[in-house]
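Heads up, the thing below is written out as structure tokens.
The values are calculated or read from the model by the stated rules, or taken from the named source; none is laboratory data. All of these numbers come straight from a predicted model, not from anything done at the bench. Quick reminder, even Gly has a Cβ in these numbers, built from the backbone with ideal geometry, and neighbours come from all protein chains shown. Note: areas computed on protein heavy atoms with side chains; ligands, DNA, RNA excluded. Shrake-Rupley method; radii C 1.70, N 1.55, O 1.52, S 1.80 Å.
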Amino acid sequence: MEQKRYSDLKRGERGAYLSLVTYILLAVVKIWVAYITSSAALRADGLNNATDIIVSIAVLIGLRIAQRPPDHNHPYGHFRAETVASLVASFIIMLIGLHVLFEAMMNLFSGEVVKPDLTAAWVGAVSFIVMMGVYRYNAKLGKQIKSQAIQSVAKDNLSDALVSAAATLGILGAQFGLPWLDVVLAVIVGGIICKTAFDIFRKATYHLTDGFQEQELQAFRNTILSISEVEQVKEVKARYYGSSSAVEVVIAVDRRLDIVDAHNISTAVEKRMIEEHEAIGVLVHVEPS
């Protein structure tokens, strides 16, 4: 099962590389076009993509570290590097979001509003289409390999697509005598970026502080109780290691069983948890019922 996890992490690099290349191209084009067309919203969008380059690199580094095998300092492996990469990404995204918000608010209150050229709208529209394609690819990949880092990248991709859509609307509105709309939507863009950063931060810190969903723990209990020899599940605890789980359970079995039979039951529990929930470590303690 661990070999499959390492293989999935390797597959996850494709999504990070796709995002990296896309962001480099879009950032260069948007910032250049924003400069020549005087579009605040497109410039904010371009800066967002420039920051996403750093995010993609951070995720790639996290995925590479997560593929390292267990050692004497990391008996469960390095899977949490994936979660740390998501946490780093959230900080970077938040910084650029706050920068975009501050700059847009300064432009709005200073009255420095310029009608952008329509070319900026075309760039924003194409960017929206491209980012939706990248989002769909990474969302599907992240779900298939159950990668928290790639799922965070996909959320960032979707956020970027929405940012491009907002920028396009602002530029189009400016063509109809509403030049201030470009700046207002730049403020909205900054808000979307900050919201994305907070969502990624909240999930990453939840995992790193050993938070675990009660619904998943209940699913673990149901799986264990599906083994007929298990009479009771007294306790289930789990923690996330990247997108995998390390599980500790206490079960009760017939007190008349000998130690060999009890051991076989605990082995059956461990095997079932690995097969059905892709747990990377299952510790089973057996007690008499």
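For the chain, a Kirkwood radius taken over Cα pairs fed into Stokes-Einstein (20 °C, viscosity 1.002 mPa s) yields D = 102 µm²/s.
In units of 2.2 N^0.38 Å, what is the alpha-carbon radius of gyration of the stretch 151-289?
On the way: Rg = 24.8 Å, N = 139, 2.2 N^0.38 = 14.3 Å.
Cα Rg divided by the expected 2.2 N^0.38 Å: 1.73.
Taking packing as the residue-averaged number of other Cβ atoms within 10 angstrom, the listed peptides 279-286, 61-68, 228-235, 43-50 run from highest to lowest as 43-50, 61-68, 279-286, 228-235.
Each pair of Cα atoms in the stretch 90-219 enters the Kirkwood radius, and Stokes-Einstein at 4 °C and 1.567 mPa s then converts it into a translational diffusion coefficient of 80 µm²/s. Pairwise Cα separations in the stretch 163-218 fall into 10 Å bins from 0 onward with the following percentages, short to long: 22, 29, 19, 16, 11, 3.
Of the trypsin sites (Lys or Arg not before Pro) found in the stretch 75-166, not one falls in a DSSP loop while having at most 10 other beta-carbon atoms within 10 Å.
Along each principal axis, taking the top coordinate minus the bottom one, the Cα set of the stretch 1-72 gives 55, 21, 13 Å in descending order. Each 10 Å bin from zero up to the one holding the largest Cα-Cα distance in the stretch 198-241 carries the following percent of pairs: 25, 41, 23, 10, 1.
Calculated mean residue ellipticity at 222 nm for the chain: -25500 deg cm²/dmol, from DSSP H runs with n ≥ 4 weighted as -39500 (n - 2.57), summed, divided by the residue count and rounded to 500.
Model label points for H285 and N73, set 7 angstrom from Cα along the Cα-to-Cβ axis, are 3.0 nm apart.
According to the calculation over all Cα-Cα pairs in the stretch 172-251, the P(r) per 5 Å bin from zero is 3, 12, 15, 12, 10, 8, 7, 6, 6, 6, 5, 4, 3, 2, 1 %. Packing around the peptides 51-60, 210-219, taken as the average count of other Cβ atoms within 10 Å per residue, puts them in this order, highest first: 51-60, 210-219. Expressed as a whole percent, the accessible surface of the stretch 44-183 that belongs to carbon and sulfur atoms is 72, based on a 1.4 Å probe.
Axis of helix 214-225 versus longest Cα principal axis of the chain: the two differ by about 30°, to the nearest ten degrees. Quarter the surface of the alpha carbon convex hull of the stretch 217-274 and you get the mean projected area, 3.9 square nanometres. Just list whichever of K30/K143; K10/K143; K155/K271; K143/K234; K10/K140 have alpha carbons separated by over 26 Å in the model shown. In this structure, K30/K143; K155/K271; K143/K234 exceed 26 Å between Cα atoms. Based on the convex hull around the alpha carbon atoms, the stretch 30-84 presents an average projected area of 4.3 nm². Extension gain, V29 to A219: 0.36 nm times the residue separation minus the Cα-Cα distance gives 63.6 nm. Counting only Cα atoms, the size of the stretch 1-154 along its three principal axes is 60, 27, 20 Å, in decreasing order.
Averaged over its residues, the stretch 163-251 has an accessible area of 44 Å² per residue, based on protein heavy atoms and a 1.4 Å probe.
Please list 256-262, 272-278, 94-100 highest first by mean number of surrounding beta-carbon atoms within 10 Å per residue.
94-100, 272-278, 256-262
Relative to the longest principal axis of the Cα atoms of the chain, the long axis of helix 81-110 lies at roughly 20 degrees.
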